[in-house]
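Enquirer: This is the structure I want to talk about, given as structure tokens.
The values are calculated or read from the model by the stated rules, or taken from the named source; none is laboratory data. Since we're looking at a predicted model, the values are computed, not measured. FYI the Cβ positions are ideal-geometry reconstructions off the backbone, even for glycines, and counts take in every protein chain you see.
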Amino acid sequence: MSGTVLLTGATGYIASHTWLALWAAGFDVVGVDDFSNSSPEVLHRLQRLGDRACVFERADVCDGAAMRSLFTRHAIDAVVHFAAFKAVGESCAKPLAYYRNNIGGLISVAEAMGASGCKTLVFSSSATVYGVPEVLPIPESAALATTSPYGATKLIGENLLTDLGHADPSWRIALLRYFNPVGAHDSGLIGEDPRGTPNNLMPYITQVAVGKRERLQVFGGDYDTPDGTGVRDYIHVSDLAGGHVAALRHLMHPSGRSFTANLGTGRGHSVLELVRAFEQASGCHILYDIVARRPGDVASCYADPSRARQLLGWQASRDIAAMCADSWRWQQSNPNGYND
Ligand code: UFG
């Protein structure tokens, strides 16, 4: 399959892996990012891995004129809109910044798309739209709810795009609900590079392993789960990247239609299971303390991934051993992320 795909938030964690997967699948890519939460070094790494030049523009997705200008200067066939703020806790402290960036950015990208006649869009949504899951594993038909301003921006984004598709059925829109992406490209050249103290479990574990942090705090040991710690559906970021390629293939096929799909493995692992798998993969001992629950966390969250398998022919293939090995390779070769 061929065509040119615009990636917003292109130098971020999931987008950079998707960029490589799109190249490998035969697509051309135009990337846009404002580096508000990523590094230009990503572009050098991608060029090395793909042995080709990155087509990239620095811009803020909330800048409507910049977005319109992109579409006049590049022949774009489809867009994957990754650009968004994503820290749950920060969103509670700065709701306006989250609504402005996540909703404002989506609107300016969709308006620029509509004006140029490009109406094929993949939207980065999140399992957070399920709130406290009513059923496990979670099918796409489960009730939707929000538990943070971040989650609200994802649910509003989904609703906005669903309304757009109703108003103009020539749009083809995929709403992809990611579970917990971890891991890194197996080269160790690109990976997750959080700024400051990591919010998420895997980068925290890898930073303990390289000695940047002393001990992991395990948030809650009294959940109704097999070992009392939270259970999540960890998915290798390269599998997730492949899910975007499959989604684009589906949308760009002559008979393609809009859809919503979970991107997860369907398997849940507890915090302590992930710690043990990481210790095995790395040979490092991870010191941890079990502390109070983190406000807003749910006990268990894992996907029913069958719709993506049936509709897109896509399923995740890498297990948590591979996720841990690849996260470790990335962290070990880049102890300070892209600043090394
Ligand atoms: N955890 C710890 N210690 C840490 C960090 C996390 O014990 O230092 C635990 C959490 O309590 C949870 C599990 O590890 O049980 C996973 O936590 P993450 O922060 O890595 O992931 P979440 O499932 O909380 O959050 C992810 C995304 C959010 C999204 C949410 C719901 O990061 O963007 O899933 O879909 F909103």
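Enquirer: Would you please list the contacts, defined by Cβ atoms under 6 Å and residues six or more apart or on different chains, that run from a residue in region 18-40 that is in a strand (DSSP E or B) to a residue that is of a type in the set (Gly, Ala, Ser)?
Expert: Final answer for the pair search is GLY31/ALA10; VAL32/ALA10; VAL32/ALA59; ASP33/GLY9; ASP33/ALA10.
Enquirer: Identify, by number, the condition in (1) farther than 30 Å from ASP77 by Cα; (2) buried (at least 20 other Cβ atoms within 10 Å of the Cβ) that SER126 doesn't meet.
Expert: So the condition that SER126 fails would be (1).
Enquirer: Just one of LEU248, LEU240 is more than 12 Å from the ligand (Cβ to nearest atom), under 22 Å from HIS269 (Cα atoms) and crowded, with 19+ Cβ neighbours inside 10 Å; which is it?
Expert: None of the other options fit; the residue is LEU240.
Enquirer: Would a scan of region 99-118 turn up a residue that is crowded, with 20+ Cβ neighbours inside 10 Å and of a type in the set (Phe, Trp, Tyr)?
Expert: no
Enquirer: Cβ contacts < 7 Å: first residue closer than 12 Å to ASP233 by Cβ, restricted to region 264-275; second residue more than 9 Å from the ligand (Cβ to nearest atom) and charged (D, E, K, R), any location; separation 6+ or different chain. Result?
Expert: GLY266/ASP304; SER270/ASP227
Enquirer: Can you pull out the residues in region 1-17 that are surrounded by fewer than 18 Cβ atoms within 10 Å (Cβ to Cβ), outside any loop (DSSP other than H, G, I, E, B) and of a type in the set (Gly, Ala, Ser)?
Expert: Answer for region 1-17, where residues must be surrounded by fewer than 18 Cβ atoms within 10 Å (Cβ to Cβ), outside any loop (DSSP other than H, G, I, E, B) and of a type in the set (Gly, Ala, Ser): there is none.
Enquirer: Further question on the same structure: Kindly provide the set of residues from region 72-119 that are within 19 Å of the chain's Cα centre (by Cα) and not in a helix (DSSP H, G or I), ordered by number.
Expert: ALA78, VAL79, VAL80, HIS81, PHE82, ALA83, ALA84, PHE85, LYS86, ALA87
Enquirer: Let me ask another. For GLY283, all conditions in the list (1) more than 15 Å from the ligand (Cβ to nearest atom); (2) more than 30 Å from VAL79 (Cβ to Cβ); (3) surrounded by 21 or more Cβ atoms within 10 Å (Cβ to Cβ) hold save one; what is the number of the exception?
Expert: Just one mismatch for GLY283, condition (3).
Enquirer: Something else now. Taking LEU274 and the conditions (1) over 22 Å from the mean Cα position of the chain (by Cα); (2) closer than 21 Å to GLN315 by Cβ, which numbered condition does it fall short on, given that it satisfies the others?
Expert: (1)
Enquirer: Would you mind finding the one in LEU121, LEU144 that is more than 11 Å from the ligand (Cβ to nearest atom) and surrounded by 24 or more Cβ atoms within 10 Å (Cβ to Cβ)?
Expert: Selected residue: LEU121, the only one of LEU121, LEU144 that is more than 11 Å from the ligand (Cβ to nearest atom) and surrounded by 24 or more Cβ atoms within 10 Å (Cβ to Cβ).
Enquirer: With the condition kept exactly as written, say whether any residue in region 85-94 is buried (at least 20 other Cβ atoms within 10 Å of the Cβ), more than 30 Å from PRO295 (Cα to Cα) and modelled with pLDDT of 95 or more.
Expert: No: region 85-94 contains no residue that is buried (at least 20 other Cβ atoms within 10 Å of the Cβ), more than 30 Å from PRO295 (Cα to Cα) and modelled with pLDDT of 95 or more.
Enquirer: For region 120-157, give me each residue that is touching a Lys or Arg at 6+ places or on another chain (Cβ under 8 Å), assigned to a strand (DSSP E or B) and aliphatic (A, V, I, L, M).
Expert: LEU121
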